[in-house]
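Notes for the one structure printed next.
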Amino acid sequence: MRITDVKTWVVANPAPGFGGEYWIFLKLVTDCGVEGVGEVYSVPFHPHVVTRMIEDVCERYVVDADPFKIERLWRIVYSSGYTQHPDLSLMGVLSGIEMACWDIIGKELNRPIYDLLGGQVRERLRSYTYLYPEEADEGDVYHDPEVAARRAAEYVELGFSAVKIDPVLPKSAFDPRQLSLQQLENAETYVESIREAVGGECDILFGTHGQMTTSSAIRLARRLERFDPLWFEEPVPPENVREMARVARATTIPVATGERLTTKYEFARVLEEGAASILQMALGRVGGILEAKKIAGMAEAHYAQIAPHLYCGPIEGAANIQLDVCSPNFLIQEGIMTWGGFHAEILKEPIRWEEGYIIPSTEPGLGVELDEEVAAAHPYRGDALHLTMLDTPL
């Protein structure tokens, strides 16, 4: 079997746009007629530049390659241009390609990918969601503790046993920063309101985006400990692992990180420094499914758990699910509410979600099929990147 062609899509994510401005998908075609899809997550260039990057890598290394030889292909692409260094751009492209290769392998062998990576451990997967706004809201779920508490209670009624919030938004290119007393008090009030609304039925995931200095993160963590959050996410930027480890040592709240990290090499540093006990690899960026499985194995040896990140499309979501099912140290999977809306529309069969849990597919490969007609009908024509930060200090 040989790969003969690649096709790409940049799909605009229609309103309300939860999951980012757009999603980048690719398809690899083989000479046997078996096709595999992948998703590239948040490369920091315009998405049409990213599709040209995908095509370039495929022209150089992927077309005429054997999709079964993932380790060989991975090392060749990872070393492209004499790099051999974790990089968000190249690793995002490689992740989507690797994901598509696994989809091909699973389809050729007529097995889900998780059966090829150790086999099924769980029959269902605990999931969580951010609190999202609705048109009928009188107030802002991102800034109004009462609205957030009401929404959290509604999600518990749906079956969720965990919800995530970030009450120290926005994020700036000039972070990390020292939060003001008012910001600290607001975050504390926010979490207190949610805890009162959900009681002990629901975990609270405190999801920040590296906005704080080490000292500010520690100050905030001490205020939040009495509410017993399940985790404190990316309390400082991911570039300085030792400072994140200082936060982890100063609080009883487990620290989670990983959405902006790539490869086993960066995650090894996190584990060695004791910077986090919950790893949130984004499979469309980290290096793909096999790389994420290796990271999960390293985490298992450190008694750390995995909670893969998802703020993009459902192809990466399906890859996450394949990893989760076969990983003994899986904790919880991020989703966009109940995996409905456009996340369901763009698949021929939606990902199955029931009362707070994802029910893994038993279909071969990734277990999902991209609806190419829907993808083609929603081309992205904007200028914005998938995610952005303020360009002024706060």
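The values are calculated or read from the model by the stated rules, or taken from the named source; none is laboratory data. Only a predicted model underlies this, so the values are computations on that prediction, with no experimental measurement involved. Glycine gets a Cβ as well: all are built from the backbone with ideal geometry, and neighbour counts include every protein chain shown.
Odds and ends about this structure:
- In segment 316-332, of all residues being polar (S, T, N, Q) and buried (at least 23 other Cβ atoms within 10 Å of the Cβ), the one that is nearest to GLY106 (Cα to Cα) corresponds to GLN322.
- Criterion violated by GLY119 - all others in (1) at pLDDT 95 or above; (2) surrounded by 17 or more Cβ atoms within 10 Å (Cβ to Cβ) satisfied: (2)
- Some residue of segment 41-49 being touching a Leu at 6+ places or on another chain (Cβ under 6 Å), among the β-branched types (Val, Ile, Thr) and not assigned by TED's automatic domain parsing to the domain that holds HIS309: no
- Residues that are in contact with a helix residue (DSSP H, G or I) (Cβ under 8 Å, 6 or more places away or on another chain) and farther than 17 Å from LEU73 by Cβ, drawn from segment 1-31: THR8, TRP9, VAL10, VAL11, ASN13, PRO14, GLY19, TYR22, TRP23, ILE24, PHE25
- Count - residues of segment 140-155 that are in contact (Cβ under 8 Å) with a residue 24 or more places away in the chain, surrounded by 19 or more Cβ atoms within 10 Å (Cβ to Cβ) and hydrophobic (A, V, I, L, M, F, W, C): 3
- Of the residues LYS348, LYS294, the single one that is surrounded by fewer than 24 Cβ atoms within 10 Å (Cβ to Cβ) and within 29 Å of GLU21 (Cβ to Cβ) is LYS348.
- Under the condition of being of a type in the set (Val, Ile, Thr), under 20 Å from the mean Cα position of the chain (by Cα) and under 30 Å from ASN110 (Cβ atoms), the residues counted in segment 1-44 number 4.
- ALA65 vs. criteria touching a Leu at 6+ places or on another chain (Cβ under 8 Å) and either farther than 22 Å from GLY367 by Cα or aliphatic (A, V, I, L, M) (or both): yes
- Screening ALA296 with (1) under 16 Å from the mean Cα position of the chain (by Cα); (2) aliphatic (A, V, I, L, M); (3) assigned to a loop (DSSP other than H, G, I, E, B) gives one miss only, at (3).
- Members of segment 114-147 found to be assigned to a helix (DSSP H, G or I) and in contact with a Phe, Trp or Tyr (Cβ under 6 Å, 6 or more places away or on another chain), listed by number: PRO145
- All conditions in (1) more than 25 Å from VAL255 (Cβ to Cβ); (2) among the charged types (D, E, K, R); (3) outside any loop (DSSP other than H, G, I, E, B) hold for GLU316, with the sole exception of (1).
- Of the candidates GLU316, GLU355, GLU373, the single residue that is closer than 21 Å to ASP115 by Cα, not aromatic (Phe, Trp, Tyr) and not assigned by TED's automatic domain parsing to the domain that holds VAL11 is GLU316.
- All conditions in (1) in contact with a Pro (Cβ under 6 Å, 6 or more places away or on another chain); (2) at pLDDT below 95 hold for MET212, with the sole exception of (2).
- Taken over segment 362-378, the criterion of being loosely packed, with under 15 Cβ neighbours inside 10 Å, over 16 Å from ILE351 (Cα atoms) and of a type outside the set (Asp, Glu) is satisfied by ALA376, ALA377.
- Residue in segment 92-113 that is part of a loop (DSSP other than H, G, I, E, B), of a type in the set (A, V, I, L, M, F, W, C), surrounded by 14 or more Cβ atoms within 10 Å (Cβ to Cβ) and in contact with an Asp or Glu (Cβ under 9 Å, 6 or more places away or on another chain) present: no
- In summary, GLY340 fulfils each of the numbered conditions (1) touching a residue at least 24 places away in the same chain (Cβ under 8 Å); (2) surrounded by fewer than 21 Cβ atoms within 10 Å (Cβ to Cβ) with the single exception of condition (1).
- Where helices (runs of 4 or more DSSP H) sit wholly within segment 207-288, none has at least 3 residues that are surrounded by 24 or more Cβ atoms within 10 Å (Cβ to Cβ), touching a residue at least 60 places away in the same chain (Cβ under 8 Å) and of a type outside the set (Phe, Trp, Tyr).
- Filter pass, GLY38 being surrounded by 21 or more Cβ atoms within 10 Å (Cβ to Cβ), assigned to a helix (DSSP H, G or I) and not hydrophobic (A, V, I, L, M, F, W, C): no
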